[in-house]
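Peer 1: The structure that follows is given in the form of structure tokens.
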Amino acid sequence: MILISACLLGANCKYNGKNNSKDEIIRYFNGKGIVPVCPEQLGGLSTPRLPAEIQGGDGKDVLNGRAKVIQNDSIDVTEDFVKGAYETLKIAKSLGITKAILQSRSPSCGVGKIYDGTFTGTLTEGDGVTTALLKTEGIEVYSDEDFLENLHQ
């Protein structure tokens, strides 16, 4: 079993009500044990919703109370992102999941690079909130881009 961002599987749960469907991931995992998740919905946020970015650090900093997740209207949604991360972890642990493929650059699911909190499309080093939590619990996390690269090696 592997945890996968639901938006990568075609679920319209992205902040703008759309998805990030990846045909290659869908084909590869067809008939295999997958668990689709959207940490932002699990945290109580609606779809569609305003875009949000981490300000003052990365997901690890959010979990440690040193950074916040802020929507582009300046509303603090940190609590929702943290709740969604813990709900995702609860699902992973209950099913014995040790690997996840999550949506790149997302404030929840980003792996290695996330938007910098300025809403200008600028990337910075770091993980999203859910990715940071899963990694601290020993779950291997790949972005949709990293996973696809590893598939072809």
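Peer 1: Which value in nm describes the separation of the simple spin-label points at LEU50 and ASP146, placed 7 Å from the Cα toward the beta carbon?
Peer 2: 3.1
Peer 1: Whole number in Å², please: accessible area per residue of the chain, 1.4 Å probe, ligands, DNA and RNA not counted. Working shown, then result.
Peer 2: Numbers: 7480 Å² over 153 residues.
Counting only protein heavy atoms, the per-residue value for the chain is 49 Å².
Peer 1: At 0.36 nm per residue, and after removing the present C-alpha to C-alpha distance, how many nm does the segment from TYR28 to LYS90 gain when stretched out fully? Could you put the intermediate results ahead of the total?
Peer 2: Details: separation 62, 0.36 × 62 = 22.32 nm, distance 2.53 nm.
Additional length available on full extension: 19.8 nm.
Peer 1: Also, quick follow-up: Considering the convex hull of the alpha carbon atoms of region 1-60, report its projected area averaged over all viewing directions, in nm², one decimal. Please report the intermediate quantities before stating the final value.
Peer 2: On the way: hull surface 19.7 nm².
One quarter of the hull surface, i.e. the mean projection, equals 4.9 nm².
Peer 1: Note the angle between two axes, namely the Cα long axis of helix 78-94 and the longest principal axis of the Cα atoms of the chain, as a number of degrees from 0 to 90, rounded to the nearest 10.
Peer 2: Long axis of 78-94 versus the principal axis of the chain: about 20 degrees.
Peer 1: A 20 angstrom limit on the alpha carbon distance is what I want to check against. Which of LYS22/LYS99; LYS22/LYS93; LYS18/LYS68; LYS32/LYS135; LYS113/LYS135; LYS14/LYS135 exceed it? Walk me through the intermediate numbers first.
Peer 2: Values: LYS22/LYS99 18 Å; LYS22/LYS93 25 Å; LYS18/LYS68 25 Å; LYS32/LYS135 23 Å; LYS113/LYS135 14 Å; LYS14/LYS135 22 Å.
Pairs exceeding the cut-off: LYS22/LYS93; LYS18/LYS68; LYS32/LYS135; LYS14/LYS135.
Peer 1: Given H placed on each backbone N at 1.01 Å, which residues far from VAL37 in sequence or on other chains put an amide H within less than 5 Å of it?
Peer 2: Here ILE4, SER5, ALA6 satisfy the definition.
Peer 1: Hey, another quick one. Got a number for carbon plus sulfur as a percent of region 12-153's accessible area, 1.4 Å probe?
Peer 2: On the way: 3370 of 7190 Å².
The computed percentage sits at 47.
Peer 1: What's the whole-number percent of alpha carbon pairs in the chain lying beyond 28 angstrom?
Peer 2: Details: 1319 of 11628 pairs.
Value for the chain: 11 percent of Cα pairs lie more than 28 Å apart.
Peer 1: Sorted by packing (mean other beta-carbon atoms within 10 Å per residue), highest first, where do 111-124, 128-141 land?
Peer 2: On the way: 111-124: 16.2, 128-141: 22.6.
Final packing ranking: 128-141, 111-124.
Peer 1: Next up: In the chain, which cysteines lack any other cysteine Cβ under 4.7 Å from their own?
Peer 2: CYS7, CYS109
Peer 1: Tell me, what HN-Hα J-couplings in whole Hz come from the Karplus equation 6.51 cos²θ - 1.76 cosθ + 1.60 at θ = phi - 60° for each residue of region 114-130, using x for Gly and Pro?
Peer 2: Working through the residues one at a time gives 9, 5, 7, x, 9, 6, 10, x, 7, 8, 9, 5, x, 10, x, 4, 5 Hz.
The values are calculated or read from the model by the stated rules, or taken from the named source; none is laboratory data. Please read these numbers as outputs of a predicted model, since none were measured by experiment. As a convention, Cβ positions derive from the backbone with ideal geometry for all residues, glycine included, and neighbour counts pool all protein chains shown. Calculation scope for accessible area: heavy atoms of the full protein, side chains included, ligands and nucleic acids excluded. Shrake-Rupley method; radii C 1.70, N 1.55, O 1.52, S 1.80 Å.
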